[in-house]
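Only one structure is covered here, and it is reproduced in the block below.
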Amino acid sequence: MCVLLTASPPRFVSVEELMETAKGVTNMALAHEIMVNQDFEIKPAEPPEGSLERQVKEIMHKAFWDCMEAQLKEDPPSYEHAIKLLAEIKETLLSFLLPGHGRLQARIEEVLDLPLIQQQAENGALDIGHLSQFIVGMMGSFCAPCRDKDVNKLKEITEIVPLLKAIFSVLDLMKVDMANFALMSIRPHLMQQSVEYERNKFQQFLEKQPNALDYTEKWLEETAKCLRESDEEGCGAAELASPINVHNRAYLRLLKWDHASDPFPETVLMDQVRLQEMQQEVERLVLLSSVLLIVYTTTGEAISGLPGLMETLKTTVGAMLADMHMPSFNAPEAFATIGEKLCVELSSCLSRHGFPPFSADSSSGLKGQILSVIQPDNKVRALMDSRVQNYLLAVLESGQHRTPPLPGGLTPVSKELMKLAVGFSRLVNFNKLVYSPFYQKILQNILTPGESLNTET
């Protein structure tokens, strides 16, 4: 039964307050993404293909390069645009230098001496080709190994304008590489600052929107209520509904959330998309492991231990379930096809290893069992779902440096499940660090007075 909370009365805010709040939330979301997503990286900003912005950008760039080419073909050549580009390139090269690169800095300053270049241009003695080759050489010294190929291609370009154009393109990629390297280097030092920053930003948001924790309170209160009512196995209600149990099981509930009808708790709102993706991965792994368990239970010892068979069956089922969360996915049709394909594969495998072929009755029975997995109350599916949920809960309870044993039947999906568990645990632990003061106050109101409210365990 849902517990309805009365929301705080609305408070009118100015446009300026809304804009300030929105900016703070945007910055907080970016800082959060850097900390939670270990694969986060900066990517070159490119307008969408066919967009007006892209068209304008391409027209402007073409006009610039055409103008520069025309200037260089004049008699005598005009180097106005070229010198501006050299100044920008020099600034970019200098930005790549580290504190100990004094000799390289002196070399860049010497060769790309802008007053001297200007003087050479006025006297008709400027050698753009020579300067370009020096720039390419310097880029080769600074670039990441993944850019070696791009830099080597620059050495093959002989025309000045195409070369300068390509140089700028590669320099843009190198800037992104440098930014990602800096991000990777400072990430370990950002944790405490990020926790405090995100917590302070949320506190500021909460001061402007006093009812900004209503759904979080509802989420924790419903979890505590469920645990209090779960006294079927002889555990005391107080033990089940301890703060840490409430907290961990509340996070686990997010992997079974009805996103279409239930508002998401505010304190995990920035991770809603990520948690929804995790929820879909849990559902996929449950179905995948259920089908494989049925196959091995039904077929028995004949296929146990056959090299490569498990991986082959897993690949077949995984390919059919890849689009299971798309609106166009037809579950009965997909699972019927899975049954057909697995029976063919099993028959072929049994024949190759000298076992009797799959009988028509065995094949029909296996197909029926596989098809029944689409029912939410299917016993095998419910069993595997329970084991996945218990494993994820054990990961949260065991801490960051201990890995709980994998429950039976989940070995075929162990790699994917462990990767999911690591991401889920990292997200939960960071969320606890940031919002623990808010959670403690809420749990203090929900649980019986006098309990220890350590929610960061």
Phi-based couplings in Hz for segment 151-162 (Karplus 6.51, -1.76, 1.60; Gly and Pro marked x):
5, 5, 5, 4, 5, 8, 8, 9, 6, 5, 5, x
Please report, in Å, the Rg and the Dmax of segment 372-413, where both are computed over Cα atoms only.
12.1, 39
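So for segment 21-140, Kirkwood radius off the Cα pairs, Stokes-Einstein at 25 °C and 0.890 mPa s: how many µm² s⁻¹? Provide the component values of the computation, followed by the final result.
Details: Rh = 18.1 Å.
Value of D from the Cα-based Kirkwood radius: 136 µm²/s.
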Using alpha-carbon positions, what is the distance between the centroids of segment 35-54 and segment 73-151, in Å?
28 Å
With x for Gly and Pro, the residue-by-residue ³J(HN,Hα) of segment 105-121, computed from phi through the Karplus equation 6.51 cos²θ - 1.76 cosθ + 1.60 at θ = phi - 60° and given in whole Hz, is 4, 4, 5, 5, 4, 6, 6, 9, 7, 4, x, 5, 4, 4, 5, 4, 5
Inter-part gap, Cα centre of segment 402-439 to Cα centre of segment 345-375, in whole angstrom, is 35 Å
How far apart, in nm, are two points set 7 Å out from the Cα along the Cα-to-Cβ line at Gln133 and at Leu97?
2.4 nm
Compactness of segment 389-442 - radius of gyration and Dmax, Cα, Å:
13.0, 42
Karplus couplings for segment 410-427 from phi (6.51 cos²θ - 1.76 cosθ + 1.60, θ = phi - 60°), rounded to Hz, Gly and Pro as x?
9, 4, x, 10, 4, 4, 5, 5, 5, 5, 4, 5, 5, x, 5, 5, 4, 4
If you put +1 on each Lys and Arg Cβ and -1 on each Asp and Glu Cβ, how big is the dipole of segment 244-316 around its Cα centre, in Debye rounded to 20?
120 debye
Dipole of segment 175-220, positive direction: furthest Cα of Ala182, Gln192, Pro210, with charges on the beta-carbon
Ala182
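Any of Lys314/Lys432; Lys225/Lys379; Lys57/Lys90; Lys149/Lys415; Lys314/Lys419 with alpha carbons more than 28 Å apart? Name them for me. Please list the in-between numbers first.
On the way: Lys314/Lys432 36 Å; Lys225/Lys379 26 Å; Lys57/Lys90 23 Å; Lys149/Lys415 34 Å; Lys314/Lys419 17 Å.
Over 28 Å apart, Cα to Cα: Lys314/Lys432; Lys149/Lys415.
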Carbon and sulfur %, accessible surface of the chain computed with the full protein complex present, 1.4 Å
56 percent
Enter the accessible area per residue of segment 257-403 (Å², integer; probe 1.4 Å; all protein chains in place).
51 Å²
Pulled fully out, how much extra length does the chain show between Asp113 and Ala336, if you take 0.36 nm times their separation in residues and subtract their Cα-Cα distance?
73.0 nm
Subtracting the Cα-Cα distance of Asp150 and Ala87 from 0.36 nm times their residue separation yields 20.5 nm
So what is the calculated 222 nm ellipticity per residue for the chain, using -39500 (n - 2.57) for each DSSP H run with n of 4 or more, over all residues, to the nearest 500 deg cm²/dmol?
-23000 deg cm²/dmol
I want to verify the translational diffusion coefficient of segment 252-382 in µm²/s; compute it with Stokes-Einstein, Rh as the Kirkwood radius over Cα pairs, at 25 °C and 0.890 mPa s.
150 µm²/s
Evaluate the charge dipole of the chain about its Cα centre and quote only its size in Debye, nearest 20, assuming +1 on the Cβ of each Lys and Arg and -1 on the Cβ of each Asp and Glu.
940 debye
Scattering profile of the chain at q = 0.06, 0.12 Å⁻¹ [log10 I(q)/I(0), Debye over alpha-carbon scatterers]
-0.47, -1.10
If you take the beta carbon distance between Asn445 and Leu206 as r and set R0 to 22 Å, what does 1/(1 + (r/R0)^6) give as a FRET efficiency, to the nearest 0.05?
0.90
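The values are calculated or read from the model by the stated rules, or taken from the named source; none is laboratory data. All values reported here derive from a predicted model rather than from experimental measurement. Ideal geometry is used to build each Cβ from the backbone, glycine not excepted, and the neighbour counts take in all protein chains shown. We work out accessible area using only protein heavy atoms, side chains counted, and drop any ligands, DNA or RNA first. Shrake-Rupley method; radii C 1.70, N 1.55, O 1.52, S 1.80 Å.
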